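The values are calculated or read from the model by the stated rules, or taken from the named source; none is laboratory data. Predicted, not measured: the structure shown is a model, and the values here were computed from it. No Cβ is skipped: glycine too gets one built from the backbone with ideal geometry, and neighbour counts run over all protein chains shown.
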């Protein structure tokens, strides 16, 4: 398969559902872990009461780690129902929603900040 074909696959929830249905990985950080970018988060989101949307959250531990540090108003979205169900089960104290980042279901002014590590 060409690299363009592979990139095309990534744009479909079915690819991600298949990836996440297998329990081979508990979490995966596409870019950097929360520990590696913690300083940037604290610099740009100093108010831990800010409302935050985490776009394309996957099974990253970013939101759970932020939650441990006092960020309590985070909505996590991903278009893979499989991973949203798993993350909801693991971290029920957080908000997890199946949604496409292009159509989140939230109004444009609903959140104070958006996090996008991978898109």
Inset, instruction - Could you list all residues from the range 37-55 that are surrounded by 15 or more Cβ atoms within 10 Å (Cβ to Cβ) and part of a helix (DSSP H, G or I)? - result: 37, 38, 41
Inset, instruction - Considering only residues that are under 25 Å from residue 14 (Cα atoms) and touching a helix residue (DSSP H, G or I) at 6+ places or on another chain (Cβ under 9 Å), look in the range 101-119 and name the one that is modelled with the highest pLDDT. - result: 115
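Select from the range 57-66 the residues that are assigned to a helix (DSSP H, G or I) and either modelled with pLDDT under 95 or buried (at least 17 other Cβ atoms within 10 Å of the Cβ) (or both) and list them in ascending order. Talk me through it step by step, then tell me what you get.
First pass over the range 57-66, keeping only residues assigned to a helix (DSSP H, G or I): 62-66.
Result: 62, 63, 64, 66.
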Inset, instruction - Give the number of residues within the range 60-86 that are within 14 Å of residue 29 (Cα to Cα) and out of contact with any strand residue (DSSP E or B) (no Cβ under 9 Å at 6 or more places or on another chain). - result: 3
Inset, instruction - List the number of the failed condition for residue 74; all other conditions in (1) in contact with a helix residue (DSSP H, G or I) (Cβ under 8 Å, 6 or more places away or on another chain); (2) modelled with pLDDT of 95 or more; (3) farther than 15 Å from residue 117 by Cβ hold. - result: (3)
Legend entry - Close pairs (6 angstrom Cβ cut-off, 6 or more residues apart or separate chains): touching a residue at least 24 places away in the same chain (Cβ under 8 Å) and at negative phi in the range 60-71, crowded, with 22+ Cβ neighbours inside 10 Å and outside any helix (DSSP H, G or I) anywhere: 63/54; 63/74; 63/76
Legend entry - Criterion violated by residue 98 - all others in (1) touching a residue at least 24 places away in the same chain (Cβ under 8 Å); (2) surrounded by 14 or more Cβ atoms within 10 Å (Cβ to Cβ); (3) touching a helix residue (DSSP H, G or I) at 6+ places or on another chain (Cβ under 7 Å) satisfied: (1)
